[in-house]
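Just so it is clear, none of the values below were taken in a lab; they were calculated from the coordinates. The model shown is predicted, which means the values in this text are computed figures rather than measured ones. So basically every Cβ, Gly included, is an ideal-geometry build from the backbone, and we count neighbours across all protein chains shown.
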Ligand code: CDP
């Protein structure tokens, strides 16, 4: 078992990133948003004009990308090639293409190696799709957050509108469904609840209720 490692997985809009960031803060642990890593590679692919079909070029982009965690004011920021690109990573364009990039074997191998290396330090929270099932099956604590498709799409829609993107709710429902399907059915490390992960349905829970539930389980077993 890898002690002091918290894995939080789940589908799009289940609340993982918000919850994982707060859990890390409460526990005083490092936080890594692995979805942001796949999104960063997707952003580079889009900006470089690389075709989503160019598997080798996409693999090369991932292998040449550097990731660093930076903590300027008590919050973790992921630097991609030494730059904070967080603002760009949750755009509708990235949402649409990220599952295709995340299917690329070389991309996954490159990013999973970095994630495993970080976990060796301990005292870390990682959130994603395959952390408990594939990246760190020996993590001390594993959680799987889920919520109804309506609730997940509503959260994603509100997030996009708040950021000023012009999208319709129907479009967002479709995007979330397509991404869920792609993530769950891909051959390599699909979105999957590990048998030993604690399932939390966040549909009717406030963020802090989810955070408190996770922190209390982790503190009991520490
Ligand atoms: O925030 P949201 O749940 O919508 O997505 P995310 O966690 O930022 O992940 C974005 C995408 O990256 C997912 O839809 C997956 O295609 C991919 N991903 C993955 O394949 N494996 C991970 N460990 C994390 C994300």
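For the pair residue 77 and residue 208 in one chain, pulling the backbone fully straight at 0.36 nm per residue adds 45.0 nm over the alpha carbon distance. In the chain, Cα pairs under 8 Å separated by at least six residues give a relative contact order of 35 percent.
Please state the equivalent ellipsoid semi-axes for the range 2-220: what are the square roots of 5 times the Cα gyration tensor eigenvalues, largest first, in whole Å?
The answer is 24, 21, 17 Å, longest axis first.
Rounded to the nearest 500, the helix-only mean residue ellipticity at 222 nm of the chain stands at -15000 deg cm²/dmol, with each DSSP H run of n ≥ 4 adding -39,500 (n - 2.57).
When the Gaussian network model of the chain links Cα atoms closer than 10 Å, the mean-square fluctuations of 23, 83, 107 top out at 83. Neighbour counting of Cβ atoms within 10 Å sorts the residues 37, 1, fewest neighbours leading, into 1, 37.
Between residue 166 and residue 3, what's the calculated FRET efficiency when r is the beta-carbon distance and R0 is 41 Å? Round to 0.05.
About 0.30, to the nearest 0.05.
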